[in-house]
Amino acid sequence: MAPKRLSITIAIFLSHILLMLGCGYPEVSPKTYECAKALYSVCNQKDIHRLDIVEQLISEGEAEESLRPAESQWLREIVATARSGEWTDAAAEARQILDDQIVEH
């Protein structure tokens, strides 16, 4: 496995471990925040057409590298959850990304 690909795989693995431990999502990029907001709205409305549009936004973010690999993975997992008909779970996960960006002082 190429070093860059190995680093990406390790980053995704470690981020999943943190999430499973209940540490929540870390600070995300502006593009990830935008996609999470869109996903939250789409999932609440159960709008498959707009889900396709958000998935395109994710692909664009990957191509532009405005999404980190782990962020892209999280968003794609939410899309997959919605596509499987688990709209409420997908909306909750998108909302969790948004909520975890709130910094309390």
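Would you please list the contacts, defined by Cβ atoms under 7 Å and residues six or more apart or on different chains, that run from a residue in the range 24-45 that is farther than 13 Å from GLN56 by Cα to a residue that is among the basic types (Lys, Arg) and assigned to a loop (DSSP other than H, G, I, E, B)?
So the pair list comes out as SER29/ARG68.
I'm told VAL28 meets every condition in (1) buried (at least 21 other Cβ atoms within 10 Å of the Cβ); (2) part of a helix (DSSP H, G or I) except one. Can you identify the failing condition by its number?
So the condition that VAL28 fails would be (2).
Across the range 57-66, what is the number of residues that are in a loop (DSSP other than H, G, I, E, B) and surrounded by 13 or more Cβ atoms within 10 Å (Cβ to Cβ)?
The number of residues fulfilling the criteria is 1.
Let's see how each residue does on (1) touching a strand residue (DSSP E or B) at 6+ places or on another chain (Cβ under 8 Å); (2) modelled with pLDDT of 90 or more; (3) farther than 13 Å from LEU67 by Cα:
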{"position": "LEU19", "(1), (2), (3)": "no, no, yes"}
{"position": "PRO30", "(1), (2), (3)": "no, yes, no"}
{"position": "TYR33", "(1), (2), (3)": "no, yes, no"}
{"position": "SER41", "(1), (2), (3)": "no, yes, yes"}
{"position": "GLN45", "(1), (2), (3)": "no, yes, yes"}
{"position": "HIS49", "(1), (2), (3)": "no, yes, yes"}
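Mind checking which residues of the range 87-105 are in a loop (DSSP other than H, G, I, E, B) and acidic (Asp, Glu)?
ASP100, GLU104
Tell me whether the range 67-86 contains one or more residues that are touching a helix residue (DSSP H, G or I) at 6+ places or on another chain (Cβ under 6 Å) and not in a helix (DSSP H, G or I).
Yes, because at least one residue in the range 67-86 is touching a helix residue (DSSP H, G or I) at 6+ places or on another chain (Cβ under 6 Å) and not in a helix (DSSP H, G or I).
The values are calculated or read from the model by the stated rules, or taken from the named source; none is laboratory data. If you're wondering where the values come from, they're calculated on a predicted model, not measured in any experiment. Cβ: placed from backbone, ideal geometry, glycine included. Neighbour counts: every protein chain shown.
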